[in-house]
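A short write-up of the structure that comes next.
The values are calculated or read from the model by the stated rules, or taken from the named source; none is laboratory data. For clarity, every value in this text was computed on a predicted model and none was experimentally measured. As a convention, Cβ positions derive from the backbone with ideal geometry for all residues, glycine included, and neighbour counts pool all protein chains shown. Heads up: the accessible areas ignore ligands, DNA and RNA and are worked out on the full protein's heavy atoms, side chains in. Shrake-Rupley method; radii C 1.70, N 1.55, O 1.52, S 1.80 Å.
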Amino acid sequence: MLDTELKHVLRTTDRHISKLKTLGILTVRDFVAYFPRTYTDSRNIRKIMEMRIDETNVVKGKISKFFSRKSRNGKFMTKALLTDNTGSTEVIWFNQPHVTRLIPSGSMVVLSGKLKQSGGKFSLVSPIYEIEKEEQIHTARIVPVYHETEGITSKWLREKLKPIIDEWTGEFDEYMPEEILKKHSLAPLKDAMKWIHFP
């Protein structure tokens, strides 16, 4: 089962399947064994009034008032307003017009990005975004970061790995004797394979 080719189970394009092959990822087993190279700790969620300039801030709130236009230097700029119970802040994305399609106005979201000040105005610039749900994948947790290649980002990998891991890690056969697992307080293989990606 774990040797099933990814092209049969992964919802993606042929181009992405080809890119994964260049990383040596052909099967479900290969994909689950593509471990993170490091992690980012994004568990510390701040209120808007607690955000710090030039630091990566993780904030949660309601997003609204989307507005898009071209900036003076020709970049496509999308602005929105993020609000929580302590205040509001402007959010800016550059050359990402799709955010208005992926984040409906009025959604509760979790954003992770740097707060910048310009002309006396504060903005959260180009944050990672995720609609709030029971279990976050990209924010508000210990976030896995992977070796990347053109067209294959860590965000893409996390999105595609999560359902594969949830469905397939139970297929890993335990090879370590149970007495050794207990003696050294080791996690079963199926849990270890899941937790190494999403601690």
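Using the charge dipole of the range 1-46 (Lys, Arg: +1 at Cβ; Asp, Glu: -1 at Cβ; taken about the Cα centre), state which of 44, 33, 13 has its Cα farthest towards the positive end.
Towards the positive end, the residue furthest out is 44.
Dipole of the range 50-121 (Lys/Arg Cβ +1, Asp/Glu Cβ -1, origin at the Cα centre): which of 97, 59, 80 lies farthest to the positive side?
Result: 97.
What percent do you get for the relative contact order of the range 90-199 when only Cα pairs under 8 Å and 6+ apart count?
Value for the range 90-199: 19 percent.
Once the whole set of protein chains is in place, how much accessible area is left on residue 5, using a 1.4 Å probe, in Å² to the nearest 10?
Residue 5 exposes around 80 Å² with every protein chain in place.
How many percent of the accessible area of the range 25-158 is carbon or sulfur, using a 1.4 Å probe?
Values: 3640 of 7200 Å².
C and S fraction of accessible area: 51 percent.
Considering only protein heavy atoms, with the full assembly of protein chains and a 1.4 angstrom probe, order 84, 30, 54 by accessible area, largest first. Each step should come with its number before you reach the end.
Details: 84 30, 30 50, 54 85 Å².
Largest accessible area first, the residues go 54, 30, 84.
Cα atoms only: what Rg and Dmax, in Å, come out for the range 17-158?
16.7, 52
Over the range 101-199, average the accessible area per residue using a 1.4 Å probe and give it in Å², no decimals.
Value returned for the range 101-199: 56 Å² of accessible area per residue.
Kirkwood Rh over alpha-carbon pairs of the range 93-199, then Stokes-Einstein at 25 °C and 0.890 mPa s: what D in µm² s⁻¹, rounded to an integer?
Estimated diffusion coefficient is 145 µm²/s.
Using every alpha carbon pair in the range 2-72, what percent of pairs falls into each 10 Å bin from 0 up to the bin containing the largest distance?
15, 24, 18, 31, 12, 0
When only Cα pairs under 8 Å and 6 or more residues apart are kept, what is the percent relative contact order across the chain?
Taking the mean separation of contacting Cα pairs over the length of the chain, I get 22 percent.
Kindly flag which residue pairs out of 7/75; 114/160; 60/162; 19/121 have an alpha-carbon separation exceeding 30 Å in this structure.
7/75; 19/121
Size of the dipole of the chain about the Cα centre, Lys and Arg at +1 and Asp and Glu at -1 on the beta carbon, nothing else charged, in debye to 20?
Details: 33 positive and 25 negative charges, 283 e Å.
Here the size comes out at about 1360 debye.
Using Cα positions and a limit of under 24 Å, work out the lysines in reach of residue 182, with same-chain residues fewer than 8 apart set aside.
Result set, ordered by chain and number: 190, 194.
Roughly how many Å² is the accessible area per residue of the range 1-58, as a whole number, for a 1.4 Å probe?
In whole numbers, the range 1-58 has 65 Å² accessible per residue.
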